[in-house]
Structures are given as structure tokens and as C-alpha cells.
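Data first, discussion second: the structure below is written as C-alpha cells.
Every number in this text was worked out from the coordinates using simple rules, so none of it is lab data. Keep in mind that what you see is a predicted model, and the values were worked out from it rather than measured. Please note: Cβ atoms are built from the backbone with ideal geometry, for glycine as well, and neighbour counts cover all protein chains shown.
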Amino acid sequence: MSEFDFDHYDKYSNSLKENGFFLFKELLPYELINQINSHVRSIFSMEGDCAGMENPCIEPGVIRLANLADKGRIFSEFYAHPVVLQAISSVLGNFNLVMLNARKTLPRYVGNQRQAYHTDTDINQNKGIPDEKGYFSCTAILFLTDSTIENGATNIIPGSHLSYSLPQDLLSEPTARLSGEITITGKAGDVCVLNGHCWHCGGSNKSANERLTLLAHYLRPDIYRDKCRMQYLSYETKMSMSAYELRLFGYSPFLQTRNKRETLKDK
């Protein structure tokens, strides 16, 4: 485990509370990152033009993979990492992992790859802002390659989760740079945990190399999510999981069906 163990809880929980994010440096070891990278690239190669079709998200100069928790047990080293889960818990309390995706930003893209500022919340859930129970969305980002200003690292407005507002409601140019914006740069193996209500966006990749990240999305268990945006787990994958992991995905470890908020069953 990295230097950021449970003894540092106050440090990262306070940062998440005040700033809306925290960067865990070197959370995953170099050897493991190499293995995950190799597996992700093999999935990209295998899926080809169908990559990410389970959860379509069209972005210029970006290719995605979806449903990754069903495509390799190695990913649990990230999404079920105890430090990641402790950080998520400090924001949400109880939670489920609802989706695991990969995002590859292509190099030297001609045009604007910069995302619009957004939150990782659903406007159909209390208009996308925290409700009487508090925050309901959180995201963990694993850097599989170094993230730099040049290759389009994530931009964040610190403290914007406290505004109880959405960028699309307030910004006339949501892709423009904002006052107070910072860029979360880091090395492969770093993990950024982000309050899903915090305003953020990916940048444009002007470098000669792709930027690759894994995105794990967590929600409070009472928050509904459309079936097409839920992580699917095959029978074989569920059988390989511990009871703890099944609960993380919202499944009963005995019935292997999701709890009452979502009743997806394998056909």
C-alpha cells in the first residue's frame, strides 16, 4: 500500500470536503500499472470499432471502453483498493460501484478535444445537485499514463461542489478556461478521487502520445441509474467475486441479484 494509508484519513477527507478532490500519488505500483495497461490495450485491440458500445459517449478525439469490471479481475486492484474505497466513503457514506470505463485521449488531434465543464451527476436526480442526504456521486480516476497539461489532464474548479449548481446552467462557454481552474497532473499509478458534484473537464491532447485513464463511478445506493449505464457482471464474473465485492456492486452475495433500487438479472 502507498504512503497514503488509513493514518492519513484526515488529510484526504478534509481535502475532499473543502476542495472536492484529492490526488493519491503512486497508489498503485509500477508493475501492476504495466499489467493493467497491457490488458486495457488488448481489449481496445479486440473490440476495435465496437469499443465502448455498451455505454456510448461520443467525444472528438477520444475512444472509450465500457463495462470493464466484467472484462478482467485485474481491475479490482483499482476499483476495490481500500484507500480508494475509504476516500469514497468519506464523501458518500454507503455506496455502490456502478460503472468502470477507460478513456483514451488521442494525440495531436486536429480540433478541440477539451470537454465542457460538467459534473458526474444525473440531472434527473434532484437536478444533479446534492439532496437532503448530501452528495450522491463520486469518481476515482486511475492514471495509466502520465497526465500532463500538454496531453490534456483533467481540469477542476476546487470547491465547486459546494456551489450546489451545475456548470451548464451558469456558463455561457462551458469549454472555456475559468478563473480558479487547476490542472490535475500526475504520474502513471496516481489516483485522483473526485467528488462527482465538483466541476471538471478533460483537456486537449497536444502531445505525441495518448493519455489513458480508468474511471470508476460510485453512487449512493438509493440513487437510480439507467440500465444502459450500469456495470454488467456475467455469471462467471460474479462467481469469481468475494461477497464483499458483490456488495460493492450492489448485489446480494447469496442471490446474486441487485438490491431493490436496481433489479438487473442475467438472462
Under 10 Å, Cα contacts only: if you run a Gaussian network model on the chain, which one of LYS25, LYS17, LYS127 comes out with the highest mean-square fluctuation?
LYS127
Where is the GNM fluctuation largest for the chain (alpha-carbon springs, 10 angstrom cutoff): ASN37, ASN124, ASN155?
ASN124
Only helical DSSP H runs with n ≥ 4 go in: add -39500 (n - 2.57) per run for the chain, normalise by residue count and round the 222 nm mean residue ellipticity to 500 deg cm²/dmol.
-6000 deg cm²/dmol
Based on the Cβ-Cβ distance from ALA208 to GLU173, what FRET efficiency comes out when R0 is 25 Å, to the nearest 0.05?
0.30
Nothing charged except the Cβ atoms of Lys and Arg (+1) and of Asp and Glu (-1): what's the magnitude of the dipole of the chain about its Cα centre? Round to the nearest 20 debye.
540 debye
In this model, which of LYS127/LYS187; LYS187/LYS238; LYS11/LYS187; LYS11/LYS133; LYS104/LYS187; LYS17/LYS133 are farther than 25 Å apart at the alpha-carbon?
LYS127/LYS187; LYS187/LYS238
Using the basic label-point model (7 angstrom from Cα toward the beta carbon), what is the SER13 to SER38 distance in nanometres?
3.9 nm
Of the residues VAL98, HIS8, GLY134, the Cα lying farthest along the dipole of the chain towards its positive end, which is defined by charges on the beta carbon of Lys, Arg, Asp and Glu, belongs to VAL98
As I understand it, the dipole of the chain uses +1 on the Cβ of Lys and Arg and -1 on the Cβ of Asp and Glu, about the Cα centre. Which of SER76, THR213, SER240 lies farthest toward its positive end?
SER240
Geometric extent, Cα atoms of region 102-205 - Rg, Dmax (angstrom):
14.0, 44
Rg [Å, one decimal], Dmax [Å, integer] - the chain, C-alpha atoms:
17.6, 51
